[in-house]
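Colleague: Sharing a structure below in structure tokens format, with a few things to ask.
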Amino acid sequence: MVTGGAGFIGSHLIDRLVAEGDTVLVFDNLSSGQTSFIEHHLNSGAAEHIQGDLRNFEDVLSAMGQGVDRVIHLAANPDIRLGTRVTDTDLQQGTVSTYNVLEAMRRHDVKKIAFASSSVVYGEDAPLPTPENHGPCLPISLYGASKQAGEGLISSWVGTFGFQAWIFRFANIIGARGTHGVIFDFIHKLKKDSTRLEVLGNGLQEKSYMEVGDCVDAIVHVMKTTDDSLNLYNLGSHDTASVRRIAEIVVEVTGCNDARIEYTGGDRGWAGDVPRARLAIDKMLESGFDVSMNSEDAIRHTAEVLLKEIGLEE
Ligand code: NAD
């Protein structure tokens, strides 16, 4: 089962799993995912979609009974900013949903789970690049808190019920079929008004970006090559890029060369945003996996593919 399998990362992961010969049960309420992303697999019979909501335990319990042998749990609210307005969003979509997945697994004796966590669990005072054994982890967003809670629940299901788990702390994942994030936002802003590009913050936020194909290849690779009861991996690229640089690349790729780049000011995009993030990826490299693109290549590639998907014409 892939929860959130109709979403951005999930649909790429399903491409890989199906290529490996797996049959995938997609559990997704389509709140930000789209069946068009996985239609080819639904038509071929390699994937089946259950439109259920993880917040509803009975939905999850009945889906889990359909011959599932392992779960890759990706579904979550992808919008960190939403948590500042509707403060139980991440509690429900993250923490409670992860509990429902684990408990449904326990009742059906499904014991392997992989989880999409995030670099934001490290908060803003961690050393950079941040290794997996950094602690204490003190997230500064409600989204980050729900990821940390999800990790804690998973580790407790490992310790108490003999589960095996893979926890992946992702950098910023970007690429085709992206439906949110900085590059997606910039292209939409330029589509509305090609003469100016508003950038949240001072543009000096500096983060690591990983292309989605690399991300899903890394997940599949690490799950195949590691076998501890709890396997914790940062997944990211080797370097970082500033939001300023992303704005320049998007302006260049879209050909909106006259656009004025305007900064709203302040050191971060929104309350709870971590201005600088870079993951130590030594553990991922030692597992035998390396990325095919660094941050800037991934950003340029993503700007090109999203421009084709979104288009600049109204
Ligand atoms: P996404 O929004 O494209 O995917 C999330 C999917 O989950 C969507 O298809 C959505 O419809 C589904 N979903 C959401 N709430 C649900 C619910 N209650 N019940 C059933 N389905 C539900 O986002 P994504 O970027 O593909 O993110 C996938 C995972 O990776 C998330 O857990 C996210 O927090 C994590 N992550 C993403 C990034 C990134 O840069 N994209 C970085 C770190 C972590």
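The values are calculated or read from the model by the stated rules, or taken from the named source; none is laboratory data. Computed from a prediction, not measured in an experiment: that's the story for all the values here. Note that we place each Cβ from the backbone using ideal geometry, even for glycine, and neighbour counts take in every protein chain shown. Ligands, DNA and RNA are stripped out before the accessible areas are found, and what is left, the full protein with its side chains, is counted by its heavy atoms. Shrake-Rupley method; radii C 1.70, N 1.55, O 1.52, S 1.80 Å.
Colleague: Just reorder ASP69, ASP258 by solvent-accessible area, largest first, 1.4 Å probe, all chains present.
Modeller: I get ASP258, ASP69, largest accessible area first.
Colleague: Please name whichever of LEU74, SER237, GLY94 sits farthest to the positive end of the charge dipole of the chain, dipole taken about the Cα centre and charges placed at Cβ: Lys and Arg +1, Asp and Glu -1.
Modeller: Comparing the listed Cα positions along the dipole, GLY94 ranks first.
Colleague: How would TYR143, TYR99 line up by accessible area, probe 1.4 Å, largest first?
Modeller: TYR99, TYR143
Colleague: Apply the a/c threshold of 1.5 to the C-alpha gyration tensor of region 191-314 and tell me whether it is rounded, prolate or oblate.
Modeller: prolate
Colleague: Amide H to amide H, which residues 5 or more places from VAL71 or on other chains are under 5 Å from it, using H placed in the peptide plane?
Modeller: When sequence neighbours closer than 5 places are left aside, the close amide H contacts are LYS112, ILE113, ALA114.
Colleague: Additional query: Compute the Cα gyration tensor for region 240-285, then decide on rounded, prolate or oblate, letting a ≥ b ≥ c be the square roots of its eigenvalues: rounded whenever a/c is under 1.5, prolate when a/b is larger than b/c in the other cases, and oblate in all that remain.
Modeller: It comes out oblate by the Cα gyration axes.
Colleague: Looking at region 158-314 only, what percent of DSSP beta bridges run antiparallel? Nearest 5 please.
Modeller: 10 percent
Colleague: Helix 212-225: angle to the longest alpha-carbon principal axis of the chain, degrees 0 to 90, nearest 10?
Modeller: Value to nearest ten degrees: 30.
Colleague: Additional query: Could you list which residues have their amide H under 5 Å from that of HIS49, counting only those 5 or more apart in sequence or on another chain, with H placed in the peptide plane?
Modeller: For HIS49, the qualifying residues are VAL26.
Colleague: A follow-up question, please. For the chain, modelled as a Gaussian network with Cα springs under 10 Å, which listed residue fluctuates most, ALA126, ALA277, ALA75?
Modeller: Ranking ALA126, ALA277, ALA75 by mean-square fluctuation puts ALA126 first.
Colleague: Let me ask another. Please report the antiparallel percentage of the DSSP beta bridges confined to the chain, to the nearest 5.
Modeller: Just about 5 percent of them are antiparallel.
Colleague: If you don't mind, another one. Could you work out [θ]222 nm for the chain from helices alone, using -39500 (n - 2.57) per DSSP H run of at least four and dividing by all its residues? Round to the nearest 500 deg cm²/dmol.
Modeller: -11500 deg cm²/dmol
Colleague: Place a +1 charge on the Cβ of each Lys and Arg in the chain and a -1 charge on the Cβ of each Asp and Glu, then give the dipole magnitude about the Cα centre in debye, rounded to the nearest 20.
Modeller: Dipole about the Cα centre, nearest 20: 440 debye.
Colleague: Follow-up. Relative contact order for region 1-137 using alpha-carbon pairs under 8 Å, separation at least 6, rounded to a whole percent?
Modeller: Relative contact order here is 23 percent.
Colleague: Straight-line reach from LYS207: which aspartates and glutamates fall under 15 Å, measuring Cα to Cα and dropping same-chain residues less than 8 apart?
Modeller: Excluding near neighbours in sequence, the set is GLU124, ASP125, ASP239, ASP267, ASP273, GLU296, ASP297.
Colleague: Explain nothing, just compute: Karplus ³J(HN,Hα) = 6.51 cos²θ - 1.76 cosθ + 1.60, θ = phi - 60°, for every residue of region 118-130 in order, whole Hz, x for Gly and Pro.
Modeller: Couplings: 8, 4, 5, 4, 6, x, 10, 10, 6, x, 10, x, 8 Hz.
Colleague: Mind checking the angle between helix 8-19 and the chain's longest principal axis? C-alpha axes, 0 to 90 degrees, to the nearest 10.
Modeller: Its long axis makes an angle of about 50 degrees.
Colleague: Starting at the first residue of region 57-63, write each ³J(HN,Hα) from the Karplus equation 6.51 cos²θ - 1.76 cosθ + 1.60 with θ = phi - 60°, in whole Hz, x for Gly and Pro.
Modeller: For region 57-63, the Karplus curve yields 4, 4, 4, 5, 4, 6, 5 Hz.
Colleague: Sticking with this structure for a sec: On the accessible surface of region 91-239, probed at 1.4 Å, how many percent belong to carbon and sulfur atoms?
Modeller: So the carbon and sulfur contribution to the accessible surface is 51 percent.
Colleague: Next up: Sequence-distant or interchain residues sharing an amide H contact under 5 Å with ARG276, placed H: which?
Modeller: Amide H to amide H, under 5 Å and 5 or more residues apart or across chains, ARG276 pairs with GLU206.
Colleague: Using a Gaussian network model of the chain with C-alpha springs under 10 Å, which one of GLY94, GLY288, GLY33 is most mobile by mean-square fluctuation?
Modeller: Comparing GLY94, GLY288, GLY33 in a Gaussian network model of the chain, the most mobile one is GLY288.
Colleague: What residue among ILE167, ILE50, ILE113 shows peak mean-square fluctuation when the chain is described by a Gaussian network model with Cα springs under 10 Å?
Modeller: Looking only at ILE167, ILE50, ILE113, the biggest GNM fluctuation is shown by ILE50.
Colleague: Counting only heavy atoms of protein chains, what accessible area per residue, in Å², does region 104-250 have with a probe of 1.4 Å?
Modeller: Ligands and nucleic acids excluded, the result is 38 Å² per residue.
Colleague: Which lysines does LYS111 reach when only Cα atoms under 18 Å apart count, and residues fewer than 8 places away in its own chain are ignored?
Modeller: The qualifying lysines are LYS224.
Colleague: Taking a 1.4 Å probe, which of GLU286, GLU151 shows the most accessible area, and what order do the others take after it?
Modeller: GLU286, GLU151
Colleague: Whole-Hz ³J(HN,Hα) for each residue in region 36-51, computed from phi via Karplus 6.51 cos²θ - 1.76 cosθ + 1.60 with θ = phi - 60°, x for glycine and proline: what do you get?
Modeller: Those phi angles translate into 4, 5, 10, 3, 4, 7, 5, 5, 7, x, 6, 9, 10, 10, 10, 8 Hz.
Colleague: Relative to the first principal axis of the alpha-carbon coordinates of the chain, what is the inclination of helix 295-310, with its axis defined by its Cα atoms, in degrees from 0 to 90 and to the nearest 10?
Modeller: 90 degrees
Colleague: For the chain, what does the alpha-carbon gyration tensor say about shape, rounded, prolate or oblate, given a ≥ b ≥ c as the root eigenvalues, a/c under 1.5 as rounded, and a/b over b/c as prolate?
Modeller: Here the chain falls in the prolate category.
Colleague: Quick check: Cα centre of region 144-222 to Cα centre of region 64-93, how many Å?
Modeller: 13 Å
Colleague: Right, another one. Express the relative contact order of the chain as a whole percentage, based on alpha carbon pairs under 8 Å and six or more residues apart in sequence.
Modeller: Answer for the chain is 19 percent.
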